[in-house]
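Comments concern the structure below.
The values are calculated or read from the model by the stated rules, or taken from the named source; none is laboratory data. All of these numbers come straight from a predicted model, not from anything done at the bench. Backbone-built Cβ (ideal geometry, glycine too); neighbour counts: all protein chains shown. For accessibility, only protein heavy atoms count, side chains too; no ligands or nucleic acids. Shrake-Rupley method; radii C 1.70, N 1.55, O 1.52, S 1.80 Å.
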Amino acid sequence: DIPDPGARAFYYENGQGEMARGFVVRIGSLLRVYINSCPHTGAPLNWQEDRFLDYSQTDIICTMHGARFTPQTGHCTMGPCKGDNLIALPFEISNGRVVVGPLS
């Protein structure tokens, strides 16, 4: 139930007994999973629940300072963290569901 294009936020256990934020982004056949943390400030990227994409629905955008990231790679193309990357999470599709992990 992830819209196309769109994204969904979620929480996961980070392997250290702590809950962490993540998100899944979908654009056409592209599906990626990232930690929901800006490389510049560590703040969550979304400005509202499940709002990770810019208005054109082509880039991931950070609400704090407008940094832009390519959905395919998580690479920052504009903003104070230009050249940095979002941290990808391992995932697989199982019975039509996105399953994240293992996170060792």
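Please go through region 19-29 and give me each residue that is modelled with pLDDT under 95 and assigned to a strand (DSSP E or B), ordered by number. Listed by number, the residues that qualify are MET19, ALA20. Please enumerate the residues belonging to region 81-104 that are part of a loop (DSSP other than H, G, I, E, B) and either open to solvent by less than 70 Å² (accessible area, probe 1.4 Å) or in contact with a Pro (Cβ under 9 Å, 6 or more places away or on another chain) (or both). Within region 81-104, CYS81, GLY83, ASP84, LEU86, ILE87, LEU89, PRO90, GLY101, PRO102, LEU103 qualify. The set of residues in region 28-38 being in contact (Cβ under 8 Å) with a residue 12 or more places away in the chain and open to solvent by 50 Å² or more (accessible area, probe 1.4 Å) consists of ARG32 alone.
The residue pairs whose first member lies in region 3-25 and is at negative phi and among the acidic types (Asp, Glu), whose second member is modelled with pLDDT of 95 or more and in a strand (DSSP E or B), and whose beta carbons are closer than 6 Å, counting only pairs six or more residues apart or on different chains, are ASP4/ARG26.
Only residues that are at pLDDT 95 or above and open to solvent by 20 Å² or more (accessible area, probe 1.4 Å) were counted across region 59-78, and they come to 9.
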